[in-house]
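The values are calculated or read from the model by the stated rules, or taken from the named source; none is laboratory data. What you see is a predicted model; the values in this text were computed from it and never measured. Methodologically, a virtual Cβ is constructed for each residue, glycine included, from the backbone with ideal geometry; neighbour enumeration extends over all protein chains shown.
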Amino acid sequence: MKNQDIIIAGFGGQGILSAGRILAYAGMLENKNVSWLPSYGPEMRGGTANCSVIISDEAVGSPIINIATSLIVMNGPSLDKFEKMVSSGGVIIIDSSLVEKVPERKDVDIYRIPATKTALDMGNATFATIVLLGKLIAATNIVSKESFEEALKKTLPAKKHYMIPDEIKALEYGMNY
Amino acid sequence: MGEKLLMKGNEVIAEAAIRAGCKHYFGYPITPQTEIAHYMAKKMPEVGGTFVQAESEIAAINMVYGAASAGVRVMTSSSSPGISLKQEGISYAAGAELPAVIVNIVRCGPGLGGILPAQCDYFQAVKGGGHGDYKMVVLAPSSVQELYELTVEAFNISDKYRQLTMIMGDGVLGQMMEAVEFKDQENIVNVDKPWATTGTGMKREHNTIQSIYIQPEVLEQHNKKLQEKYKLIEENEVRVESYNCEDADIIVTAFGTTARIVNNVIKMAEKEGIKVGLIRPITLWPFPVKEFEKYAEVPKAFLSVELNAGQMVEDVRLSVNGKRPVYFYGRMGGMIPSQQEILDQIKQILNK
């Protein structure tokens, strides 16, 4: 793993930006160079949210991603918008509870996981992003599971630490799906 | 050095200011820099400082004038349209030689424009903006770590010269998170301020802070004194970073976020056998003229890449002074050039 450029996209409220932050934090804990850039432009007003996370052995140049190595999508419009930006041989991870459409790309690895349904079954919709990140970690080895768990502890406020065991279950579900 | 933290650029500016001893922040919210005010509102009471959300940008800059007159470290922040509103206060504070830090997280204009990143306030920042013969030191960081370091520096420079210093970023720098390491202790340059209006205690003459000088002889002398100070700053405070310039085919120049994109372009070009150098001005004023002079005859051409219609390119041309052609490429309206776009421009220029 030399350089991973990841786009995470969906609706506002799904925890897209937080998911990206945990991932970037995990990369930082492994002494990689990281950047996290949220969308804050007019698309935010339309209810969509996305963020770009770069995790790299080298210094991060532009934090803006033109070609992504991985894409996680949690709604249909985001798949339409970002599918073409994934590099050949890259990874697309889709929350199949929310996106019926199947990508047209044949040159990328595609994973469809019912993340939101799984999360709701576990009693907390925000675990959906963790399920999807679990798959990303398993598919790309971008960060270790241990670093991710440590990042969860660092990024969640103390009053939410009781959720961590369930978050790890969600992570493992995604990793093994 | 302390622990590595993952923080947003805007928050780092605020944290850096507090660490630099800024005890007073006056501002008015505007995207994409509002996190600075959020952070200040939360943290200022904890350090015994003052946070005021003023009724307008104009009020905020005049509160800065007042606090700076009393000799305390003070900051305001805004984004382009808000900075336009502050221009009268900026000119007055420059005339009164008040040290203060002003942050502009630039968005695209003109007018209300849009909220996305731009560098279209270069002229406003380095050539004036307000009326009269004055200069602001303008710092252009390009990473979150540098936002921290240059914010601390901004306060030092301001106090050292009784000078306004602007930190000019854009929405990408303000909104992005990167690792930042705060030092255990900031390098704070403590400067006596015997000129400050802190009360005479019946022991000295009154200090006066003013920008009005009705007598033309006196005002000319005042202006000459300002110009001497600016000359001193030009001699001492230039900051610039050059990379790969020694035997470059072309030297690209860019500041802030745009310089980061150019860093990627350098690697792409290398794979195609093109050697691209980068001169990144960190101080936009004073402009790193000598750095351009040093490399003026090295490349076939210069290319200035900016998020505007061509502003810094004028200073690049003055510095290169006709020794090589200087080209420009820019995007506007919040559009950001891709690496490929810039590389295509480079190839086009080199094939001419």
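Data overview
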| item | result |
| --- | --- |
| Positions within the range B:302-328 being touching a Gly at 6+ places or on another chain (Cβ under 9 Å), crowded, with 19+ Cβ neighbours inside 10 Å and without any contact (Cβ under 8 Å) to a residue 40 or more places away in the chain, in sequence order | B:313, B:328 |
| Residues being within 14 Å of another protein chain (Cβ to nearest Cβ) and not aliphatic (A, V, I, L, M) - total across the range B:272-291 | 1 |
| Conditions (1) touching a Gly at 6+ places or on another chain (Cβ under 8 Å); (2) surrounded by 23 or more Cβ atoms within 10 Å (Cβ to Cβ); (3) not aromatic (Phe, Trp, Tyr): number failed by residue B:137 | (1) |
| Helices (runs of 4 or more DSSP H) enclosed by the range A:61-150 - at least 3 residues per element that are at pLDDT 95 or above and among the small types (Gly, Ala, Ser) | A:128-140 |
| Residue match in the range B:163-185 (condition: more than 14 Å from every other protein chain (Cβ to nearest Cβ), touching a Gly at 6+ places or on another chain (Cβ under 8 Å) and loosely packed, with under 15 Cβ neighbours inside 10 Å) | yes |
| Residues of the range B:47-72 satisfying the condition of being of a type in the set (Ser, Thr, Tyr) and under 21 Å from the mean Cα position of the chain (by Cα) | B:65 |
| Single residue of B:226, B:232, B:173, B:219 found to be within 30 Å of residue A:26 (Cβ to Cβ), outside any loop (DSSP other than H, G, I, E, B) and of a type outside the set (S, T, N, Q) | B:173 |
| Unmet requirement for residue B:346, which otherwise passes all of (1) crowded, with 22+ Cβ neighbours inside 10 Å; (2) under 26 Å from residue B:150 (Cα atoms) | (2) |
| Tally, over the range B:11-25, of residues that are more than 20 Å from residue B:168 (Cβ to Cβ) and either outside the structural domain of residue B:170 (by TED's automatic domain parsing) or among the aromatic types (Phe, Trp, Tyr) (or both) | 0 |
| Some residue of the range B:20-40 being in contact (Cβ under 8 Å) with a residue 24 or more places away in the chain, in a helix (DSSP H, G or I), away from chain A (no Cβ under 14 Å) and of a type in the set (D, E, K, R) | no |
| Selection status of residue A:67, under 25 Å from residue B:142 (Cα atoms) and either surrounded by fewer than 17 Cβ atoms within 10 Å (Cβ to Cβ) or of a type in the set (Val, Ile, Thr) (or both) | yes |
| Residue within the range A:155-164 that is under 17 Å from the mean Cα position of the chain (by Cα) and of a type in the set (Gly, Ala, Ser) present | no |
| Residue in the range B:237-244 that is closer than 20 Å to residue B:331 by Cβ and under 23 Å from the mean Cα position of the chain (by Cα) present | no |
| Close pairs from the range B:184-199: first farther than 17 Å from residue B:156 by Cβ, partner assigned to a loop (DSSP other than H, G, I, E, B) and among the acidic types (Asp, Glu), Cβ under 9 Å, at least 6 apart | B:195/B:97 |
| Single residue of the range B:324-342 satisfying the filter (in contact with a Phe, Trp or Tyr (Cβ under 9 Å, 6 or more places away or on another chain) and in a loop (DSSP other than H, G, I, E, B)) that is nearest to residue A:67 (Cα to Cα) | B:337 |
| Matching option when the condition is closer than 23 Å to residue A:125 by Cβ, crowded, with 19+ Cβ neighbours inside 10 Å and within 14 Å of chain B (Cβ to nearest Cβ), among A:53, A:60, A:34, A:73 | A:53 |
| Filtered residue count, the range B:231-270, keeping only those that are within 14 Å of chain A (Cβ to nearest Cβ), without any contact (Cβ under 8 Å) to a residue 24 or more places away in the chain and farther than 19 Å from residue B:119 by Cα | 3 |
| Any hit, the range A:82-97, residues being away from chain B (no Cβ under 14 Å), out of contact with any Asp or Glu (no Cβ under 8 Å at 6 or more places or on another chain) and within 20 Å of residue B:175 (Cβ to Cβ) | yes |
| Qualifying residue in the range B:118-127 (condition: over 21 Å from residue B:258 (Cβ atoms) and part of a helix (DSSP H, G or I)) | no |
| Qualifying positions in the range B:287-312 - outside any helix (DSSP H, G or I), acidic (Asp, Glu) and over 19 Å from residue B:263 (Cα atoms) | B:297 |
| Residues being more than 14 Å from chain A (Cβ to nearest Cβ) and buried (at least 21 other Cβ atoms within 10 Å of the Cβ) - total across the range B:107-123 | 4 |
